[in-house]
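Participant: Have a look at the structure that comes next, please.
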Amino acid sequence: MVTGKGGTGKTSVAAALALGLAAGGRRTLLVEVEGRQGIAQLFGLDPLPYAEKRIAGTTGGGEVRALAVDPEEALLEYLDMFYKLGAAGRALRKVGAIDFATTIAPGLRDVLLTGKVKEATTRAQDGRRVYDAVVLDAPPTGRIGRFLNVTAETARLAKMGPIKTQSEGVSSLLRSPMTAVHVVTLLEEMPVQESLDAIAELTDLHIPVGRIIVNGARPALLTGGKVTKAEVKRGLTAAGLPAATATVSQLTAEAQAHLTRRELEESLRLELAELGRPMIELPQLPGGVDLDGLDDLAARLLHA
Ligand SMILES: Nc1ncnc2c1ncn2[C@@H]1O[C@H](COP(=O)(O)OP(=O)(O)OP(=O)(O)O)[C@@H](O)[C@H]1O
Ligand SMILES: [Mg+2]
């Protein structure tokens, strides 16, 4: 599972992880559950159907498949599995019963979504797991605890029957060593605070937290705590560049802003490190994340 504050790089990191884990002839499934079609956008594909579709090949004949889970389709599949609804299920959809069911019981929606992830994770064929790993581009930090705490949610909905059984199965898989919730953050105040909160929440729920992934890390261009105009002027002159007063002032202000930002980043990095959890840093890629960028991030995640 990959969570993080909105916009910190969850989808990019999840995709890179799915690629990395598929290297060397393995097969992974990259799943999204928020109906955003973020995976299709990232890979430059048409919107993904509710079906597992190959989206990339890797070394040694490995492959990444992707799935956009739609709660309505998941509910129909689920009803069909337990009650063999068939055409009746399609009729249900027509009368809007599914919208009704998933709106009235938001917890049910999450059981269906995580239930589908569990099904893919544990699916076997010829005595062998179909997927070596399943990577979920999960909801953001603000909602992750609630999303994954399916038993508490469904205990209120179902005291017995298949929904209870299903949610118990999901709950125990989520609390097993097969699961790791990786938390993506930028070195900025809000994402770091949300990461700390989410890690505390997941720990309370006994859901295994994986790595802290610091994304978009920028190299230190300067060291030290302060830059003076005199230094900048000397530097410009040494480089044979004109050192007009306005240029010197502007460059000094920029350099100082960079140092102040570095200081903040350093204190946030320290705050994260104090948790004593494994951390990975991914660099800010110039120009954003394209397919080559994903391979780059995948290699870094894999060799971290
Ligand atoms: N390491 C990186 N270097 C450069 N750009 C990045 C990096 N990681 C992410 N981005 C860019 O930041 C933006 C947000 O990334 P992404 O969509 O993966 O985040 P997200 O957490 O999934 O966002 P949302 O909360 O909207 O789903 C994208 O434009 C992506 O290309
Ligand atoms: Mg996303």
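Participant: Taking region 29-66, which residues are in contact with a Gly (Cβ under 7 Å, 6 or more places away or on another chain) and more than 16 Å from ligand 2 (Cβ to nearest atom)?
Facilitator: So the first thing to find is which residues in region 29-66 are in contact with a Gly (Cβ under 7 Å, 6 or more places away or on another chain), and the list is 32, 59-63.
Matches in region 29-66: Thr59, Gly60, Gly61, Gly62, Glu63.
Participant: Something else now. All but one of (1) surrounded by fewer than 16 Cβ atoms within 10 Å (Cβ to Cβ); (2) more than 16 Å from ligand 2 (Cβ to nearest atom); (3) closer than 21 Å to Arg109 by Cα hold for Leu79, so report the exception by its number.
Facilitator: Here Leu79 clears every test but (1).
Participant: Hey, another quick one. Count, please, the residues in region 1-25 that happen to be out of contact with any strand residue (DSSP E or B) (no Cβ under 7 Å at 6 or more places or on another chain) and polar (S, T, N, Q).
Facilitator: The qualifying residues number 1.
Participant: Follow-up. Got a number for residues in region 243-292 being over 25 Å from Leu17 (Cα atoms) and either in contact with a Gly (Cβ under 8 Å, 6 or more places away or on another chain) or small (Gly, Ala, Ser) (or both)?
Facilitator: Residues flagged as over 25 Å from Leu17 (Cα atoms) and either in contact with a Gly (Cβ under 8 Å, 6 or more places away or on another chain) or small (Gly, Ala, Ser) (or both) within region 243-292 amount to 10.
Participant: Across region 115-141, what is the total count of residues that are of a type in the set (Val, Ile, Thr) and assigned to a strand (DSSP E or B)? Spell out how you get there, then give the answer.
Facilitator: Start the filter on region 115-141 by keeping residues that are of a type in the set (Val, Ile, Thr), which leaves 117, 121-122, 130, 134-135, 141.
Still in the running and assigned to a strand (DSSP E or B): 134-135.
Looking only at that region, the number is 2.
Participant: Now for a separate question. State all residues of region 123-161 that are under 15 Å from Ala180 (Cβ atoms), more than 16 Å from ligand 1 (Cβ to nearest atom) and charged (D, E, K, R); if no residue qualifies, say none.
Facilitator: Asp132 - this is the single residue of region 123-161 that is under 15 Å from Ala180 (Cβ atoms), more than 16 Å from ligand 1 (Cβ to nearest atom) and charged (D, E, K, R).
Participant: Out of the helices (runs of 4 or more DSSP H) lying entirely within region 197-304, which hold 2 or more residues that are under 21 Å from Val135 (Cβ atoms) and in the same structural domain as Gly142 (by TED's automatic domain parsing)?
Facilitator: On the way: elements: 229-238, 245-273, 291-302.
By residue number, 291-302.
Participant: Looking at Ala217, is it in contact (Cβ under 8 Å) with a residue 40 or more places away in the chain, under 33 Å from the mean Cα position of the chain (by Cα) and surrounded by fewer than 18 Cβ atoms within 10 Å (Cβ to Cβ)?
Facilitator: Details: in contact (Cβ under 8 Å) with a residue 40 or more places away in the chain: yes; under 33 Å from the mean Cα position of the chain (by Cα): yes; surrounded by fewer than 18 Cβ atoms within 10 Å (Cβ to Cβ): yes.
Taking the combined requirement at face value, the residue satisfies it.
Participant: Can we say Gly24 is on the phi > 0 side of the Ramachandran plot and more than 12 Å from ligand 1 (Cβ to nearest atom)? Spell out how you get there, then give the answer.
Facilitator: Values: on the phi > 0 side of the Ramachandran plot: yes; more than 12 Å from ligand 1 (Cβ to nearest atom): yes.
Judged against the criteria, Gly24 is a match.
Participant: Looking at (1) out of contact with any helix residue (DSSP H, G or I) (no Cβ under 9 Å at 6 or more places or on another chain); (2) farther than 30 Å from Leu275 by Cα, which is the one condition that is false for Ser176?
Facilitator: (2)
Participant: May I ask you to list the residues in region 149-187 that are away from ligand 2 (no atom under 16 Å from the Cβ), in contact with a strand residue (DSSP E or B) (Cβ under 9 Å, 6 or more places away or on another chain) and assigned to a loop (DSSP other than H, G, I, E, B)? Step through it out loud before you land on a result.
Facilitator: Kept after step one, since they are away from ligand 2 (no atom under 16 Å from the Cβ), are these residues of region 149-187: 149-180, 187.
Imposing the further condition that a residue be in contact with a strand residue (DSSP E or B) (Cβ under 9 Å, 6 or more places away or on another chain) reduces the set to 174, 179-180, 187.
The answer is Thr179, Ala180, Leu187.
Participant: Where residues in region 188-218 are touching a strand residue (DSSP E or B) at 6+ places or on another chain (Cβ under 6 Å) and among the polar types (S, T, N, Q), which of them is farthest from Gln284 (Cα to Cα)?
Facilitator: Among residues in region 188-218 that are touching a strand residue (DSSP E or B) at 6+ places or on another chain (Cβ under 6 Å) and among the polar types (S, T, N, Q), the one farthest from Gln284 (Cα to Cα) is Ser195.
Participant: Do we find that Ala133 is in contact with a Lys or Arg (Cβ under 7 Å, 6 or more places away or on another chain) and of a type in the set (Gly, Ala, Ser) in this structure? Before the answer, list the steps.
Facilitator: Values: in contact with a Lys or Arg (Cβ under 7 Å, 6 or more places away or on another chain): no; of a type in the set (Gly, Ala, Ser): yes.
Criteria not met by Ala133.
Participant: While we're on this one: If you take the residues in region 39-57 that are surrounded by 14 or more Cβ atoms within 10 Å (Cβ to Cβ) and modelled with pLDDT under 95, which one is farthest from the chain's Cα centre (by Cα)?
Facilitator: So, considering only residues that are surrounded by 14 or more Cβ atoms within 10 Å (Cβ to Cβ) and modelled with pLDDT under 95, the one farthest from the chain's Cα centre (by Cα) is Tyr50.
Participant: Could you grab me the full set of residues in region 269-284 that are under 22 Å from Ser12 (Cα atoms) and away from ligand 2 (no atom under 16 Å from the Cβ)? Outline the logic, then answer.
Facilitator: The initial filter retains those residues of region 269-284 that are under 22 Å from Ser12 (Cα atoms), namely 269, 272, 277-284.
Within region 269-284, Arg269, Leu272, Arg277, Pro278, Met279, Ile280, Glu281, Pro283, Gln284 meet the criteria.
The values are calculated or read from the model by the stated rules, or taken from the named source; none is laboratory data. Treat the numbers as computed from the prediction; the structure is a model and nothing was measured. When we count neighbours, we look across all protein chains shown, and the Cβ atoms used for this are built from the backbone with ideal geometry, even at glycine.
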